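The block underneath contains the structure these notes are about, expressed in structure tokens.
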Amino acid sequence: MNNNNNGFLIRADQHIALANEQLDENTTQGEVSASLMYAAARFNAWMASTSFESKEAMEAEKEKVIEYFTEQYKLALGENIDNHIENYDFSQNDVK
């Protein structure tokens, strides 16, 4: 994945900044994460629908669309987990 292409990381960082703004004493990391994942799924479903001529065509390719986005998420998540394993300061965590 070419992360420097067309502002890719800038846009990603803007989404992360919004997610961080939503964290407060009444909203957990898990709740914000769930909303962010749901929003990505909604946007990606809409985006995918714009490439089909009919609902029947989209329905016929539904599993391929799901497979594509699932694989892309898996790759991105793995890359970011590896980054945190290598660079994250785990001593700042308040784990009980």
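Any read-out appearing in this document is the output of simple, stated calculations on the displayed coordinates, not a laboratory observation. This is a predicted model, so every value here is computed, not measured. Here the Cβ is made from the backbone with ideal geometry for all residues, glycine too, and neighbour counts use every protein chain on show.
From the set of residues in region 52-74 that are of a type in the set (S, T, Y) and under 25 Å from Q14 (Cβ atoms), which is nearest to the chain's Cα centre (by Cα)? For region 52-74, the residue satisfying everything is Y73.
In region 52-96, of all residues being of a type in the set (G, A, S) and part of a helix (DSSP H, G or I), the one that is farthest from A40 (Cα to Cα) corresponds to S91. Cβ-Cβ under 7 Å, sequence separation 6+ or interchain: first residue in region 29-56 and of a type in the set (A, V, I, L, M), partner outside any helix (DSSP H, G or I). Which pairs? Once the first residue is of a type in the set (A, V, I, L, M) and sits in region 29-56, its partners that are outside any helix (DSSP H, G or I) give V32/L23.
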